[in-house]
Amino acid sequence: MKKLLTLFLLLGRSVMAVDLKEHAAAHPSGAAAYSFDMAAYREDTRHLPIGVFDSGIGGLTVLEAILSLDVFHNDSLKPGADGKPDFAGERFIYFGDQANMPYGNYSSVGRTDYLRELIVKDAIFLLGRRWFDPISGSFRQDKPPVKAIVIACNTATAYGIEDIRTALKHWGLPVIVVGVVEAGARGVQEAHGEGAVGVLATVGTCASGAYPRAIGQTLGLAGRSIPAVTQQGSANLAGVIEGDPAFKESVAERCGLDARALVTAHLQSGANAPLSTIVLGCTHFPLAQTEIDSAFVKLRSEAAFEGLIAPTLSYVNPAEWTARELFRALASAKLRNHQAQNNAKDSFYISIPNPIRKDLPITAEGALDKVFKYGRLPGDLQREDTVNVPMTPERIPMTTRKLIETKLPQVWQRLGR
C-alpha cells in the first residue's frame, strides 16, 4: 500500500498513469497491450525514428512543419538556413488516434482522467513495436521504437505532457518529449510586441488554461511583461476544416463566428490593449489562417469592436516552433541522425475500433458510439477498444485526403510511398 501511495505521489494527479507505468514495467518484452520492449533503449538510439502523435490527422500539420524546417545549419547547428531540411537524416512515425477523437470533448463530460490515460497509451504505442495487421487479423511486433515524442495535439499537451515525462523518468528512458503548447508560448515570446494575445483553440485546450499559463511563464522567465490573454474555444472548426459532413457551415463562416466570439470575449474581459497576436492553438487551424485573418479584417471595421483589434495581426503557428524546439532538443542530446538510412521509410498509423471485439457499440459509419466513447473510465488495461493500423490514403476520408494532398505536400509525398 505504501509503495502504491508513493507511486501515486510521484505522478501527482491520478492513479491512471501509475497503473500504466506499472503495467508497462511488468511487461518489458512489449508483447502485451500498452507495453513496449524496454531492451530497445539499452543501446544507441540515434538511428531510431521520431514519433509524432495527435488525436487525429491535425497533427500532420506539425509533421509538415518539421519536414519543411530549414532554419539551422545542419553542420554547425547555428541559426540560419543552409538549403537543406533540418531533419533530412531523420525518419518519422506518425500516429493519429482517430477512433478516440476528438480529445477536446473528454473534459466537457468529466472524463479528463480517461483522456490522460489515452494520451499515455499514445506515447506507449510510439515507444513499442506492437501494431495490428488488419489483413491477418493479428498483432505484429516489428514497428521500430522512437527516440523522441512530439505531442502534436494541443489538448494532449495540455492534459498529458507531464504524465508522459513522469512515466519516461520512471522507466529510465532517454526519450525527448516536445509539446506544441510550450513551443507555441515561445512563439508568442518571439512574435509578440505590444497589445493583447488571443488564443483560438478547442474547448478542451481552453478549459485546461494551458496557453495562458505557458505564455505567462515563458514571457515572465524572459523578463517580459505578461500581456492580457483572451481565449476562445471552438467545438466545430476542426471538424469543418476536415470536411466532416456533420457540420454544414463553410470554413469561412465558422472562422467568422469564432473570431467574433474571441473579440467579444476580449471586449467583455475589460482589457484595454487591442488584440495584436493570435495563437492558432489547434493543429487544424493553420490550415484556415487565411479565412481566420479575413474574419478579423471584417470585424475591425465594426463600430462595436473599434480599437479592439490591432491594425496588423501577428499569427503564431505552434507547429513551426515545435519543429525548432525538436531540433534544439535533439542537437543538445546528441541524438540527431545525420545520414538518412537507405530504403528507410516513414510510417503512419491510425486507430480503429477493435475488429476482434464483437461487443463494441459501432455506428453505421464504423465509429465508436459517442455515448460509449465518452462514458469509459480509466484503469481497465485488459481490454482494447481500439487497435492501431497503418494509415494509408485509402483509409483516409476523401475530404481529408484532399486536404493533406493540397495543404501538406511533404506529408502527402511520404504517406504515398
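Listed values, structure above:
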| item | result |
| --- | --- |
| With DNA, RNA and ligands ignored, accessible area of Val203 (1.4 Å probe; Å², nearest 10) | 60 Å² |
| Normalised contact order of the chain, rounded percent, pairs of Cα under 8 Å and 6 or more residues apart | 21 percent |
| Carbon + sulfur, % of accessible area of the chain - ligands and nucleic acids excluded, 1.4 Å | 53 percent |
| Accessible area per residue, Å², region 63-188 with all protein chains present, probe 1.4 Å | 31 Å² |
| Neighbour net charge for Ala288 - beta-carbon separation under 13 angstrom, K R +1, D E -1 | -4 |
| Cβ-defined net charge surrounding Thr312, 12 Å radius [Lys, Arg +1; Asp, Glu -1] | -1 |
| Solvent exposure of region 226-274 as accessible area per residue, Å², 1.4 Å probe | 48 Å² |
| Antiparallel bridge percentage (DSSP; both residues within the chain; nearest 5) | 25 percent |
| Per-residue SASA entry for Cys153, accessible area with 1.4 Å probe, Å² rounded to 10 | 10 Å² |
| 30 Å Cα-Cα threshold exceeded, pairs from Lys298/Lys370; Lys84/Lys298; Lys358/Lys407; Lys21/Lys334; Lys334/Lys373 | Lys298/Lys370; Lys84/Lys298; Lys358/Lys407; Lys334/Lys373 |
| Relative contact order for region 38-146, counting Cα pairs under 8 Å that sit 6 or more residues apart, in percent | 28 percent |
| Length-normalised contact order for region 91-146 - Cα pairs under 8 Å, 6+ apart - percent | 27 percent |
| Qualifying aspartates and glutamates (Cα of each under 12 Å from Cα of Lys345; at least 8 residues distant if same chain) | Glu90 |
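The values are calculated or read from the model by the stated rules, or taken from the named source; none is laboratory data. Computed from a predicted model, the values in this text were never measured in an experiment. Glycine gets a Cβ as well: all are built from the backbone with ideal geometry, and neighbour counts include every protein chain shown. Ligands, DNA and RNA are stripped out before the accessible areas are found, and what is left, the full protein with its side chains, is counted by its heavy atoms. Shrake-Rupley method; radii C 1.70, N 1.55, O 1.52, S 1.80 Å.
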